[in-house]
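Undergrad: Submitted below is the structure of interest, expressed as structure tokens.
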Amino acid sequence: MTACSGQAQSCFELFLFTEMGVSMLPAFLPSGLLPHGVHHCDVAAFETAFVWSAQRRQVYSQMAAGLGVLYDSGYRLLIIGGDFISTAEHPSEFKLLYDSDCLPIETLDARLSYFDRNSRLISRNQWGGHFFPASFRAKGSGATWLHYLSSDAPDGQRGLVALGLM
């Protein structure tokens, strides 16, 4: 099976295409977060906006290894949230969502295809963050991971960043 093309075929893509708007990152809010929504950028813009301290370079280096695993499995559209998508100088982690509706989960590296507590700890130790299918439900909330991550800020909503890996 190949990755999705053409029309939006999943809830992940529908949310992304209707919410992302222009292809640049907005200014951070006084809270240090991006405005609510999914903001698209390329890898170079992402690195400029979010990889600017030693701690952020370390987290990004681990994240990049995880992005490579997703890329090798055929995943091309990813959404990143968590502490990393903020102005915090010392973010502790990131949360990364991928569209599991377009490719069979079996194509994914086994370390990323289980979502129990131990598996999440393994992915955090291996890649510095958590990886979730965007359309899966966040345990205990009933919301999809995509909607959960966009509403987990102290003020209720936060912006997320979409990256296309080509």
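Read-outs throughout are calculated quantities, based only on the coordinates presented, and are distinct from any laboratory measurement. The structure presented is a predicted model; accordingly, all values stated were derived computationally and were not measured. In this analysis, Cβ positions are derived from the backbone assuming ideal geometry, glycine residues included, and neighbour counts consider all displayed protein chains.
Undergrad: Give the peptides 41-53, 66-78 in descending order of average Cβ contacts within 10 Å, highest first.
TA: Answer by packing, highest mean first, reads 66-78, 41-53.
Undergrad: Report the gain in length on full extension from THR87 to TYR71: 0.36 nm times residue separation, minus Cα-Cα distance, nm rounded to one decimal.
TA: Difference between extended and current length: 3.1 nm.
Undergrad: Given 0.36 nm per residue, what is the gain on full extension from ARG57 to GLN157 after removing their alpha carbon distance, in nm?
TA: Gain on stretching ARG57 to GLN157: 33.4 nm.
Undergrad: How much length is gained on full extension from ASP109 to ILE122, taking 0.36 nm per residue of separation minus their Cα-Cα distance?
TA: 3.4 nm
Undergrad: Then there is this: When each pair of different Cα atoms in the range 30-72 is counted once in the 1/r mean, what is the Kirkwood radius in angstroms, to one decimal?
TA: One over the average 1/r among Cα pairs gives 11.9 Å for the range 30-72.
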